[in-house]
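Presented below is the structure to which this report refers.
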Amino acid sequence: MAAPAFGDLPTLEITFKVPEGAERVTMLGLGDRNLKIIREALGVKVSAREGVVRVSGEQEPVSAARGVLERLGVAAERNEPLSSQEVLDLIGRAMSGELRVPSAKPIGGTGGNGFDDADREYGPAWDRTLDVYAAGQPLRARTPNQQVYLDAIRDHDLVFGIGPAGTGKTYLAVAAAVHLLKADRVRKVILARPAVEAGEKLGFLPGDLQAKVNPYLRPLFDALHDMMDFPTIKRFMLNDVVEVVPLAYMRGRTLNNAVIILDEAQNTTKGQMQMFLTRMGRGSKMIITGDTTQIDLPDPTQSGLIDAARLLSRVKGIGFVTLDERDIVRHHLVQRIVEAYGRRDQAGRQVRGFDIHTVDGAGVADAVGRGGPGSSEAPQTGAEAPSVAETRLPDGR
């Protein structure tokens, strides 16, 4: 039997359903321009008839084409046409392995859009670094504890980041969300915050809903503006890719394929926290940040953050990370201010057996306990509580 000639590799064919009307043009380009780019760049056969794109050729380029078509489909849903250069960039990422794509399989094994959920075998969302830049510099954790926090966000679908002001809780959460959005791991980012004033009543605010909640959500916007240009943010908000919503308006929603960030969670009530946590849908991540030394509720014992830490500390799959004054990355005076207030409140007000005002982490540690999932070890109190340096995740890390 003659050996197969060089280059006679097994061929593969896949199909991909495309939308109709304007979405089809957004996905495939004018005159099917994007298909022509895929054909020429990858050396595959491509045809589009009766709402179906067929791609055939060798396995590796067909797999790459499949990933590019999926990303074009997502862009079409968002009404975001891609330029020829952006399509070429997608092809380059797919061929180099940077674009997370499922492996292709012969026609007949896929469902509606050419992809099967069971076929998605994504690896970690990132390794040690995020694909996010601020002021032209790559965003990185600046302390070991911040790196633990980012690792927890990467490895868990639900993460609590608890610590004093200036430790990067919110900023790093937004950075992780932007990375996941850029990498097409999620379809939208949702930013939420309880509308609680810090000790003074502002009365009724003018404007529509967006104008009313804007002052409360300004810290989240500030972080976004550091990492994305204004036209991109504006376009994303118009297309609901980035959604800013007051916590009170989230009841009844199921949030799929999204990163949902709840900031200032110490000012949620127990009921609000339970409502928020049960909004998480398939393919989503939730990041809850808060500072138990800055509770603005009339009754601090009703804080939903502390209640959730008590109840969920041993639930497998949920990450708890505690930050302290050593993780503060604002002006150097902020660290000294936090330490000074911490010394004053060291004795703290005892609230149901633990100190919610202890800056060194004892209060948070008492709330979440010391053991991992299934641990029978009782939470410690007072001087026996672990410090924030002993950052724990419920899976034992």
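Here are a few things to note about the model shown:
- Of the listed residues Leu139, Leu311, Leu88, the order by accessible area with a 1.4 Å probe, largest first, is Leu311, Leu88, Leu139.
- With Cα atoms as the point set, segment 239-318 shows a radius of gyration and Dmax of 12.9, 39 Å.
- Simple spin-label estimate for Arg142 and Thr129 gives 1.8 nm between the two label positions (7 Å along the Cα-to-Cβ direction from each Cα).
- Rounded accessible area of Tyr133 (nearest 10 Å², 1.4 Å probe): 110
- Label positions at Lys234 and Val74, each projected 7 Å from the Cα along the C-beta direction, are separated by 2.5 nm.
- Distance in nm between pseudo-label sites at Thr278 and His225 (7 Å out along the Cβ direction from Cα): 3.8
- Of Asp32, Asp327, the order by accessible heavy-atom surface (1.4 Å probe, DNA, RNA and ligands excluded), from most exposed downward, is Asp32, Asp327.
- The value obtained for segment 34-86, namely the Cα convex hull volume divided by the number of residues, is 76 Å³ per residue.
- Just the protein heavy atoms count here, and of the accessible area of segment 23-84 at 1.4 Å, carbon and sulfur take up 46 percent.
- Gain upon complete extension [Asp155, Leu311; 0.36 nm per residue less C-alpha separation]: 54.1 nm
The values are calculated or read from the model by the stated rules, or taken from the named source; none is laboratory data. Here the structure is a predicted model, which means the values were calculated and not measured. Counting neighbours? That spans all protein chains shown, and the Cβs are built from the backbone with ideal geometry, glycine included. For the accessible areas, the whole protein counts, side chains as well, though only heavy atoms, and no ligand, DNA or RNA atoms are used. Shrake-Rupley method; radii C 1.70, N 1.55, O 1.52, S 1.80 Å.
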